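Participant: The structure that follows is given in the form of structure tokens.
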Amino acid sequence: MRRTVLVVDDDVAILEVLEMRLGSMGFDVTATPDADKAIFAVQHARFDLALLDLRMEPMDGIRLMEQLHLHQPRLPVLIMTAHGTIETAVEAVQRGAFDYLTKPFVRDELRAKIGRALAARRWARDRERLLFVGETLASSGDMGRILDAVAQAALETIDAERCVVFQLTEGRLVPMASTGTPPTSWGALESAASLAMSKGAPITTTGAEGQVLVAAPLVVERGPAGALVIEAPARVEPTEDDLELLALFSAQAAVAMRNTHELSRLRSGALAALGRMATQVAHELKNPLAGLRLYARHLEQRLTAGGDGDSADLARKISSTVDHLAAVVSEITAFGRPPELHRVSMALHPLLDECLTFARARCPREDVEIERSYDASCPDVRVDARELRKALLNLLLNGLEALGPSGRLTVSTVYAAESGTVTVLIEDTGAGMTEETLARAFDLFFTTKPEGTGLGMALARSVIDLHGGALDVQSAPGRGTRVRVRLPVGERTGKAGARA
Ligand SMILES: Nc1ncnc2c1ncn2[C@@H]1O[C@H](COP(=O)(O)OP(=O)(O)OP(=O)(O)O)[C@@H](O)[C@H]1O
Ligand SMILES: [Mg+2]
């Protein structure tokens with residue numbers, strides 16, 4: 001791919017000489033004596049280099065350089081002067097020029113300075129991007145954040161308009177990160193991604209409106225796990241170096257994906273072991289707790305009969321605390337053996353309303369607003385009402401509990417006929433979660449609440465999983481939380497394979 005160079009000099013003879021020489025060095029040359037035309041050119045095309053004469057009227061080379069840098073900040077500029085003094089050279093470099101050239105040109109000097117300007121630009125640019133992605137990769141275990149950083153770096157590398165990172169999930173390409181303007185056609189990006197994945201190497205194609213599409217596969221051990229796709233305007237042609245850098249970025253995205261998979265495998269193994277242990281402990285606690293409750297009741301009755309009201313009150317407090325403990329224990333034991341689902345076809349909205357009523361009763365809040373927005377086209381769903389009620393109730397309670405004064409909880413549903421799924425969104429304007437809390441929110445017994453047991457989210461996820469659905473959470477400190485529950489409308493059994 002040919003590099004492009006812009007030459008501006010009010011001496012037409014010099015323009016001609018430079019056009020010839022640079023052309024013979026393999027450049028695409030745009031030469032003009034007119035500063036306005038030069039600015040227009042930089043607004044409409046990307047240049048690899050500019051050669052500007054210092055003494056020009058009405059705009060001198062340094063001012064013109066500053067104008068060009070407004071549109072293309074990293075454009076390397078060589079300032080040309082016939083009366084080169086060290087002061088003008090220093091000024092030009094201080095104001096952003098890469099170097100200066102003295103007229104008349106010495107052939108080797110021209111070639112050498114141009115070569116250095118191009119190499120230095122690449123090096124500075126690539127080093128910056130690689131450092132940025134590398135640091136994100138090292139400092140964050142959050143796949144979404146790493147993929148965003150990779151997409152951003154890839155976008156800037158090619159001066160592209162957008163970059164999307166796709167992940168292959170259950171045979172479908174799912175966009176995981178997207179930077180730049182929203183794509184005009186997802187279909188074209190997806191086809192480019194599939195092509196790169198089946199080839200196993202970066203590819204370049206042309207979009208419907210002449211855009212340049214570049215896709216690089218994300219390869220993990222078992223083969224391609226997705227692809228990184230870039231869409232650039234027709235005038236931007238990626239160079240070999242660009243493609244090499246893209247391959248490097250996609251390798252980094254692949255590392256992020258692999259790490260996330262491995263981490264979640266490790267976690268679920270550890271969680272399963274923890275769950276088994278918790279269930280055994282809970283089981284051992286059941287009988288002594290039942291005994292304790294019986295003794296406390298006896299005590300209460302005796303004290304009441306003996307007329308000692310104050311002590312009877314204390315005994316009543318003991319029984320109610322024991323009741324609370326017994327309820328927690330039975331919830332934990334229920335975890336150990338996922339329930340058989342008893343699915344029936346039912347309307348989702350009345351169930352949601354019922355859960356909302358329960359949630360408000362358990363967490364009375366007069367100072368908050370609750371908003372519902374149900375999709376009327378939602379068909380009935382085949383679910384286990386009891387289980388789903390537990391899951392939704394926990395999610396709604398978390399939302400309510402997170403709200404500050406005059407916060408808002410929004411519950412909405414959306415039906416997607418083509419995928420046969422209903423999505424329930426529970427959004428709160430509460431405190432949100434830190435990255436660490438979000439990463440651990442589904443862990444058994446993880447809680448940040450003084451009275452919490454840390455079972456709500458884990459339970460909700462296991463119920464939704466059993467229904468063959470998906471539960472995910474987006475949250476950031478100070479920006480509230482958005483919980484998304486996707487449920488298949490028809491019968492699709494989950495991991496336990498239970499059906500009514
Ligand atoms: N909507 C939310 N907003 C902010 N933080 C949340 C939200 N939902 C969950 N969390 C965080 O996740 C943690 C775990 O939630 P989970 O529902 O599992 O337990 P809990 O609410 O603490 O206790 P409980 O067992 O009583 O539900 C919470 O302690 C809280 O830090
Ligand atoms: Mg909870």
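Participant: Show the residue pairs meeting these rules: Cβ distance below 7 Å; 6+ apart or different chains; first residue within the stretch 399-427 and closer than 26 Å to Gly490 by Cα; second residue among the basic types (Lys, Arg) and within 14 Å of ligand 1 (Cβ to nearest atom).
Facilitator: Thr423/Arg484; Leu425/Arg482; Leu425/Arg484; Glu427/Arg482
Participant: Let me ask something additional. Can you tell me which residue among Gly469, Gly480 is buried (at least 16 other Cβ atoms within 10 Å of the Cβ) and at positive phi? Give the steps one after another, and end with the answer.
Facilitator: Values: Gly469 fails: at positive phi.
Sole residue among the options that is buried (at least 16 other Cβ atoms within 10 Å of the Cβ) and at positive phi: Gly480.
Participant: State which residue is farthest from the chain's Cα centre (by Cα) when the search covers only the stretch 212-234 and only residues that are part of a loop (DSSP other than H, G, I, E, B) and in contact (Cβ under 8 Å) with a residue 24 or more places away in the chain. Spell out how you get there, then give the answer.
Facilitator: Kept after step one, since they are part of a loop (DSSP other than H, G, I, E, B), are these residues of the stretch 212-234: 221-222, 233-234.
This time we only want the ones that are in contact (Cβ under 8 Å) with a residue 24 or more places away in the chain, so: 221, 233-234.
Values: Glu221: 23, Pro233: 24, Ala234: 28 Å.
Once the filter is applied, the top-ranked residue is Ala234.
Participant: Hey, another quick one. Kindly indicate whether any position in the stretch 341-352 is away from ligand 2 (no atom under 16 Å from the Cβ), closer than 18 Å to Val414 by Cβ and part of a loop (DSSP other than H, G, I, E, B).
Facilitator: Yes, that holds for at least one residue.
Participant: While we're here: Can you work out which of the residues in the stretch 147-175 that are crowded, with 23+ Cβ neighbours inside 10 Å and either touching a Pro at 6+ places or on another chain (Cβ under 7 Å) or not in a helix (DSSP H, G or I) (or both) is modelled with the lowest pLDDT?
Facilitator: Filtering first and then ranking leaves Ala160.
Participant: Output the residue which, of all residues in the stretch 1-34 that are of a type in the set (Lys, Arg) and under 44 Å from the mean Cα position of the chain (by Cα), is nearest to Thr204 (Cα to Cα).
Facilitator: Here the answer is Arg2.
Participant: Whether any residue in the stretch 167-175 is more than 20 Å from Arg129 (Cα to Cα) and touching a residue at least 60 places away in the same chain (Cβ under 8 Å) is what I want to check. Before the answer, list the steps.
Facilitator: Narrowing the stretch 167-175 to residues more than 20 Å from Arg129 (Cα to Cα): 167-175.
Imposing the further condition that a residue be touching a residue at least 60 places away in the same chain (Cβ under 8 Å) reduces the set to 167.
Yes, the stretch 167-175 has at least one match.
Participant: Can you tell me which residue among Leu348, Leu409, Leu341 is within 16 Å of ligand 1 (Cβ to nearest atom) and aliphatic (A, V, I, L, M)?
Facilitator: Values: Leu348 fails: within 16 Å of ligand 1 (Cβ to nearest atom); Leu341 fails: within 16 Å of ligand 1 (Cβ to nearest atom).
So the residue among Leu348, Leu409, Leu341 that is within 16 Å of ligand 1 (Cβ to nearest atom) and aliphatic (A, V, I, L, M) is Leu409.
Participant: Scanning for something in contact with a Gly (Cβ under 6 Å, 6 or more places away or on another chain), within 10 Å of ligand 1 (Cβ to nearest atom) and more than 15 Å from Asp472 (Cα to Cα), does the stretch 412-428 turn up at least one residue?
Facilitator: no
Participant: Filtering the stretch 434-464 down to residues that are within 17 Å of Cys363 (Cβ to Cβ), among the hydrophobic types (A, V, I, L, M, F, W, C) and near ligand 1 (Cβ under 7 Å from one of its atoms), which residue is surrounded by the fewest Cβ atoms within 10 Å (Cβ to Cβ)?
Facilitator: That would be Leu455.
Participant: Right, something else. Cβ-Cβ distance below 7 Å, separation of 6 or more or different chains: which pairs start in the stretch 306-331 with a residue that is closer than 20 Å to Thr453 by Cα and end on one that is hydroxyl-bearing (Ser, Thr, Tyr) and surrounded by 13 or more Cβ atoms within 10 Å (Cβ to Cβ)?
Facilitator: Val328/Thr453
The values are calculated or read from the model by the stated rules, or taken from the named source; none is laboratory data. The structure displayed is predicted, hence computed values, not measured ones. Heads up, the Cβs are rebuilt from the backbone with ideal geometry, glycines too, and the neighbour counts pull from every protein chain shown.
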